[in-house]
Structures are given as C-alpha cells and as structure tokens.
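Asks: Before I ask anything, here is the structure I am working with.
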Amino acid sequence: MSIIDKVKQLISIMNENELSEIEIQENDTKIILKKSTSGYTNIVTPLTAPLIHQPKLEQEFSPHALPKESENIVEIISPMVGTLYRSSAPGADPCVNVGDFVNEETVVCIIEAMKIMNEVKAETVGEIVDVYVNDGEAVEYGQPLFRVKPSTKE
C-alpha cells in the first residue's frame, strides 16, 4: 500500500471516529495526522533520527521557504505529499515562472492532497530562479519546489 493510500485510510478512520489526531508507526516510517479548523496537517518522517530530534522535525514541517546555507538562495519546499499543479486551473498560465518576482503572499503552486487543493505561498520576497517540478508531478513532504533569489525590490 502506498503512503498516500495509508494517509487516505487514516483520514477516513479519523472522520468515522471523530478523532482530532492520529499517529501511526510502521517499520521506519511514522505518520502523524492532526485535524485543525483549517483542515488536515500531515507529517511523514523516517525514524532514522533519534526521537530526541522530533520537535525539530515538526518545526521543519512548516511550509516556510528555507535558505540555502552555501549561497544567497531560498528554496520553497513542499509542505505535504500530493500532486503539484503549477496553475490554478487546467489550461491556465502557471502561477509563477522563472524570472517572476514573488512576495510572501504570492501563490506559487497548488498541491492536491486527499482531493483538497492547497495553495503553496512563496513566504519570501525575491525572483524565481529555478522550478524543480512539472505540472501534475507527485511531490513529497520537504521536497524543494522552487528556488528564489531574495530581493528587497518589487
């Protein structure tokens, strides 16, 4: 069974039993689902790291763009597992392209997870310099999606 099928099954169990949180561990994978007023939040983490580091992993789940240490580049990462769509509707222009300027509120793509369309915002200011994913491609939690060169001009 794929990880997406497992997450779907867990969400179904949560809904049927009116649960707000569920956690499952299988082999070297741990899945945590928390239901909030804005929908589901999921965390899928390999268990190769000691459990002492768990709070750090939950912080990393944040969909915020992450700076690259070796260069002045910020990566926008996937906040969840799902199917990425570069545009808001079939046949529409992509939300952003290389060379486009983005700010914190700019929607850079949509990720479909569990039949729910989730907007991914840039959460940084700058120019898109690389696009790592194609329209309709499956993405994983924490996967880099875009590279942004930070800027202060608009």
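The values are calculated or read from the model by the stated rules, or taken from the named source; none is laboratory data. Computed from a predicted structure; not experimentally measured. Cβ atoms come from the backbone with ideal geometry, glycine included; neighbour counts cover every protein chain shown.
Asks: Mind counting the residues in the range 111-154 that are part of a strand (DSSP E or B) and on the phi < 0 side of the Ramachandran plot?
Replies: Total meeting the criteria: 23.
Asks: Among the residues of the range 105-154, what is the count of those that are under 15 Å from VAL81 (Cβ atoms) and either of a type outside the set (Gly, Ala, Ser) or not assigned by TED's automatic domain parsing to the domain that holds ALA92 (or both)?
Replies: 18
Asks: Would you kindly identify the strands (runs of 3 or more DSSP E) lying entirely within the range 1-110 that contain at least 1 residues that are surrounded by 10 or more Cβ atoms within 10 Å (Cβ to Cβ) and modelled with pLDDT of 85 or more?
Replies: Counting at least 1 such residues, we get 74-77, 82-85.
Asks: What pairs can you find where one residue is in the range 129-145 and farther than 16 Å from ASP93 by Cβ, the other is among the acidic types (Asp, Glu), and their Cβ atoms are less than 8 Å apart, with a gap of 6+ or different chains?
Replies: GLY142/GLU60; PRO144/GLU75; LEU145/GLU75
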